[in-house]
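Take a look at the structure set out below.
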């Protein structure tokens, strides 16, 4: 349709297997920017904006609301976008263009976003603090770390021989994934080997 909104398929956007969709609000950690959107999997969307999403976004101020349908979540999103129209802003320069959602960033809107959060809560809608939701998600995925380490050892050899994280993309990705657990104060003991914990300690960018 001429003049209509162009639909770009992006991983994580849409509805989940159970038909649910999430409205998410992701304030940036070090500037007065916030991302508003909806997704079947907010974790996928956060990772698309930054592999170190837990440092890029302020998890303490972020929040999500779960809807049973795309239509309902879209109505929440549309209502919020209209209220925030005067705060529309370009995305931060570090956000990859492939992440899409370039028209859904806002500046100076934190007070209005908090009002929207309370309004949804007052309507009886469950609103989830972002940090708590991310911590629960990482904890649920913790058992996958061991199998992931085994696959990496099969491909790259023993952990003791691995290069530092700055040597290439696979190592940066691994460091960033493990740093998420440090940032959320989730223990790695028992989830990965002592050798991998030692490698991570040498390469981490997260403060303990």
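Summary table below
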| read-out | value |
| --- | --- |
| Any chance residue 159 is more than 13 Å from residue 63 (Cα to Cα), in contact with a helix residue (DSSP H, G or I) (Cβ under 9 Å, 6 or more places away or on another chain), surrounded by 14 or more Cβ atoms within 10 Å (Cβ to Cβ) and modelled with pLDDT of 95 or more | yes |
| Filtered residues of region 166-190 (kept if under 20 Å from residue 132 (Cβ atoms) and either touching a strand residue (DSSP E or B) at 6+ places or on another chain (Cβ under 6 Å) or surrounded by fewer than 20 Cβ atoms within 10 Å (Cβ to Cβ) (or both)) | 177, 182, 184, 185, 186, 187, 188 |
| Residue list for region 48-73, restricted to those being within 10 Å of residue 20 (Cα to Cα) and in a strand (DSSP E or B) | 66, 67 |
| Matching option when the condition is farther than 16 Å from residue 66 by Cα and in a helix (DSSP H, G or I), among 121, 139 | 139 |
| Every residue from region 103-138 that is farther than 30 Å from residue 89 by Cα and out of contact with any helix residue (DSSP H, G or I) (no Cβ under 9 Å at 6 or more places or on another chain) | 124, 136 |
| Residue that is farther than 15 Å from residue 34 by Cα and more than 18 Å from the chain's Cα centre (by Cα), where the choices are 115, 86, 132, 123 | 123 |
| Candidate set: region 92-108, residues that are free of Cβ contacts under 8 Å to residues at least 40 places away in the same chain and exposed (fewer than 10 other Cβ atoms within 10 Å of the Cβ); chosen: the one farthest from residue 27 (Cα to Cα) | 97 |
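One line per residue, one yes/no per condition, for (1) within 18 Å of residue 44 (Cβ to Cβ); (2) buried (at least 18 other Cβ atoms within 10 Å of the Cβ); (3) touching a strand residue (DSSP E or B) at 6+ places or on another chain (Cβ under 9 Å):
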residue: 64; (1), (2), (3): yes, yes, yes
residue: 67; (1), (2), (3): yes, yes, yes
residue: 76; (1), (2), (3): no, yes, yes
residue: 110; (1), (2), (3): no, no, yes
residue: 118; (1), (2), (3): no, no, yes
residue: 128; (1), (2), (3): yes, no, yes
residue: 137; (1), (2), (3): yes, no, no
residue: 148; (1), (2), (3): yes, no, yes
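This table checks each residue for (1) modelled with pLDDT under 95; (2) in a helix (DSSP H, G or I).
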residue	(1), (2)
113	no, yes
117	no, yes
125	yes, no
134	no, yes
146	yes, yes
153	no, yes
175	no, yes
178	no, yes
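The values are calculated or read from the model by the stated rules, or taken from the named source; none is laboratory data. Note that this is a predicted model, so its numbers are computed, not measured. Methodologically, a virtual Cβ is constructed for each residue, glycine included, from the backbone with ideal geometry; neighbour enumeration extends over all protein chains shown.
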